[in-house]
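Below is one structure, written out as structure tokens, with a few remarks after it.
The values are calculated or read from the model by the stated rules, or taken from the named source; none is laboratory data. Bear in mind that the values here come from a model prediction, so they are computed numbers and not experimental data. Quick reminder, even Gly has a Cβ in these numbers, built from the backbone with ideal geometry, and neighbours come from all protein chains shown. Just so you know, the surface numbers come from the protein's heavy atoms only, side chains and all, with ligands and any DNA or RNA stripped out. Shrake-Rupley method; radii C 1.70, N 1.55, O 1.52, S 1.80 Å.
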Amino acid sequence: MALYGLLGAVLVGCGGGAATSPAPAGPAPVTAAAGSSATADTAGAEPGARPTAAAGPKRAPAAVPTLAPGPQGLTPVYERRAGRSAEKVVALTFDADMTADQGPRAAAGERFDNPELIATLRRLKVDATVFMTGRWAEEYPDQARSIGTDPRFEIANHSYSHYAFAEPCYGLPTVAVPDMASDVRRAFESFRDAGAVNVVPYFRFPGGCYDDTARHALAPARVTAVQWDVVGGDAFAKDPDAVAEQVLSGVRPGSLVVLHCTRSAAPATERAIRRIVPELRARGYRFVKVSELMRTR
């Protein structure tokens, strides 16, 4: 069990063990609804075209919607809000977690990927957003490239290291404040090195933990942070029906669902998806990527 201790914190911190997204550490955040423009910015150039080395992915698709910075340039945070359009759309998001120090475990045979899950999403024709760590992309470059060149998917940034950006955060190691923007940039570089093209300027805080200090520190990266409102509870789950029930009971129009693309620590996810997708479609839901959800009114 000790072997899985840190990864347990990693996955619980990504939404694996609670019914709602965790409360941010430190000062209360200003959400995208209160702290930024009420509409997404869809007219800007690709993030990499901005004249700064700290910019986001250089090959993000054109016209990807983002939110304007909050007060004092705070990184904006996007999440489901009450009063959204009643259109039945839902974004399934999958965190591809691997921390910077888990290389020896991967070398010993532990699998942090889940190609069967990706294959099932393709077979079921489900659009989805994968929040990937840079370390995961380095470990599985062929898969990162395959996901990141498939128009059904988009890759978003989940940091390079999967260390926390605020304390406390489920026992995760912490990124030093001066290193936060460079950690995010390093992940984007890993995606590019793997050959991913469909990379969007979105970021998910490891563990969902953030405060205004982290939002200030990330401002040079020019990303939109993305939270969630439905927790799949798939971390270490053995019962796919329990995962499916948790998702199905929580989804509302415009929901963002957090699940995992990590075979060793979320082994029931692929089987749960086989139930979640047809049942939500039977209820009239359409599956969209975060970029499309952000355009939905």
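Observations
- Hits in the stretch 274-295 (condition: closer than 27 Å to Met98 by Cα and not in a helix (DSSP H, G or I)): Phe287, Val288, Lys289
- When Ser264 is tested against (1) at pLDDT 95 or above; (2) farther than 28 Å from Ala181 by Cα, only condition (1) is not met.
- When the stretch 154-179 is limited to residues that are assigned to a helix (DSSP H, G or I) and either of a type in the set (Gly, Ala, Ser) or without any contact (Cβ under 8 Å) to a residue 40 or more places away in the chain (or both), the one that is surrounded by the most Cβ atoms within 10 Å (Cβ to Cβ) turns out to be Asp179.
- Breaking point among (1) without any contact (Cβ under 8 Å) to a residue 24 or more places away in the chain; (2) touching a strand residue (DSSP E or B) at 6+ places or on another chain (Cβ under 9 Å), for Lys88: (1)
- Test: residue in the stretch 217-235 that is at pLDDT below 95 and of a type in the set (Gly, Ala, Ser): yes
- Here Ile147 meets each of (1) of a type in the set (A, V, I, L, M); (2) open to solvent by 10 Å² or more (accessible area, probe 1.4 Å); (3) closer than 30 Å to Leu124 by Cβ with one exception, condition (2).
- Odd one out for Arg215 among (1) open to solvent by less than 20 Å² (accessible area, probe 1.4 Å); (2) basic (Lys, Arg); (3) in contact with a His (Cβ under 8 Å, 6 or more places away or on another chain): (3)
- The criterion of being more than 29 Å from Arg111 (Cβ to Cβ) and hydrophobic (A, V, I, L, M, F, W, C) does not hold for Leu280.
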